[in-house]
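The values are calculated or read from the model by the stated rules, or taken from the named source; none is laboratory data. Bear in mind the structure is a predicted one, so any value in this text is a computation, not a measurement. Every residue, glycine as well, gets a Cβ built from its backbone with ideal geometry; the counts of neighbours run over all protein chains shown. In case anyone asks, the SASA skips ligands and DNA or RNA and just uses the protein heavy atoms, side chains included. Shrake-Rupley method; radii C 1.70, N 1.55, O 1.52, S 1.80 Å.
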Amino acid sequence: QVQLVESGGGLVQPGGSLRLSCAASGSIFSISGMGWYRQSPGKQRELVAFITRGGTANYADSVKARFTISSDNAKNTVFLQMNSLKPEDTAVYYCYTELYPTRGSVRTNYWGQGTQVTVSS
């Protein structure tokens, strides 16, 4: 089994910053990449940012230049630095990873339980 533990969500005023963290643990042979999705009420879950083990990062257009994803491969941890937050960034943010649980296994996806980010004055 693999567990993803997120932290760092909360309430922030527009223009403020938050930093999310997510640590993966359990049966992990190799991680292909880690990232963040978000979902707000009435909307589909959407990709926010994703980073491969090699360090290649992709972002949703709506967060480019405001959010930065990074990772610590040795600790199987991914971070999301969110700056210049807007009310429309309000959502539950889910950590996501693609990994191989054991040598020779198929690549498998895992999700965290989600952390609430609320941007409001």
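For segment 7-117, the per residue solvent-accessible surface stands at 52 Å², with DNA, RNA and ligands left out and a 1.4 Å probe.
Which longest uninterrupted range of the chain lacks any trypsin sites (Lys or Arg not before Pro) assigned by DSSP to a loop state (not H, G, I, E or B) and surrounded by at most 16 other Cβ atoms within 10 Å?
That gives 1-42 as the longest site-free run.
Split the accessible area of the chain by element, probe 1.4 Å, and carbon with sulfur accounts for 47%. The separation of segment 75-91 from segment 1-17, counted between C-alpha centres, amounts to 7 Å.
Between residue 66 and residue 111, what length in nm is gained on full extension when 0.36 nm per residue of separation is reduced by their alpha carbon distance? List each step's numbers first, then the result.
On the way: separation 45, 0.36 × 45 = 16.20 nm, distance 2.36 nm.
Length gained, residue 66 through residue 111: 13.8 nm.
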